[in-house]
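The values are calculated or read from the model by the stated rules, or taken from the named source; none is laboratory data. The shown structure was predicted, so the numbers you read here are calculated from the model rather than taken from an experiment. Counting neighbours? That spans all protein chains shown, and the Cβs are built from the backbone with ideal geometry, glycine included.
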Amino acid sequence: MTHGRFILSQILDLVHRETLSRLSARFNAESRVRHFGVRQQLICMVFAQLTWREGLRDIEACLNAKPDALYHLGFREPVAKSTLADANEGRDWRLWQALAMGLINKARRLYAGEELGVDLENTVYALDSSTIDLSMTLFPWATFRSTKSAIKIHTQLDLRGPIPVCVFVSPAGLHDVNFWTS
């Protein structure tokens with residue numbers, strides 16, 4: 001028998017319900033939704049990220065494997081793959097961007113006074129990029145090579161953390177040196 005709270009629920013405590021409901025109202029995210037709210041979608045996506053789930057079917061199977069735990073996380077019924085897919089497709093992405101920016105600002109304040117290990121007065125940033133391969137038939141607009149589609153995500157990190165400061169999505173052919181000029 002478990003004693004205490006799930007790690008997932010402890011992590012979700014970092015996102016205040018009032019903040020999420022305010023953002024939901026600003027972006028009208030709960031319109032045309034009967035029983036799968038923004039908070040349930042957030043729980044599913046955080047769970048998927050923490051447990052390295054690889055698809056909607058994988059998320060659905062793992063969440064529904066323990067119905068008692070699902071109830072304690074705030075779900076009244078099992079999670080359906082189609083419901084999660086509809087929520088991911090239909091909800092305004094700006095809701096999640098605003099939530100992420102708020103969490104990043106909160107984290108940057110926590111690490112503001114942390115030492116870098118180097119005697120510098122100014123903030124130090126690092127740039128990292130990752131190329132994400134895409135299907136040529138589904139994403140013909142993202143041509144990278146003659147047989148491959150891809151995009152590149154550039155992330156600027158504040159080394160006092162390390163916390164992302166800026167994330168930029170570009171064509172896969174854009175070199176890191178030219179990140180700021182685009």
Could you say which residue among Lys81, Lys152 is basic (Lys, Arg), more than 30 Å from Arg34 (Cα to Cα) and modelled with pLDDT of 85 or more? Lys152
Out of Phe139, Phe179, which single residue is free of Cβ contacts under 8 Å to residues at least 40 places away in the same chain and aromatic (Phe, Trp, Tyr)? Phe139
Does the stretch 85-97 hold any residues that are aliphatic (A, V, I, L, M) and closer than 20 Å to Arg17 by Cα, and which are they? Ala87, Leu95
Across the stretch 111-130, the tally of residues that are surrounded by 13 or more Cβ atoms within 10 Å (Cβ to Cβ) and either modelled with pLDDT of 90 or more or not in a strand (DSSP E or B) (or both) stands at 2
Residue satisfying condition, being in contact (Cβ under 8 Å) with a residue 60 or more places away in the chain and either under 20 Å from the mean Cα position of the chain (by Cα) or not assigned by TED's automatic domain parsing to the domain that holds Leu20 (or both), within set Ile104, Ile153: Ile104
Out of all the residues in the stretch 14-36, which are modelled with pLDDT of 90 or more and either assigned to a loop (DSSP other than H, G, I, E, B) or of a type outside the set (A, V, I, L, M) (or both)? Val15, His16, Arg17, Glu18, Thr19, Ser21, Arg22, Ser24, Arg26, Phe27, Asn28
Condition (residue is touching a residue at least 24 places away in the same chain (Cβ under 8 Å), part of a loop (DSSP other than H, G, I, E, B), surrounded by fewer than 15 Cβ atoms within 10 Å (Cβ to Cβ) and on the phi > 0 side of the Ramachandran plot) applied to the stretch 65-75: is it met by at least one residue? yes
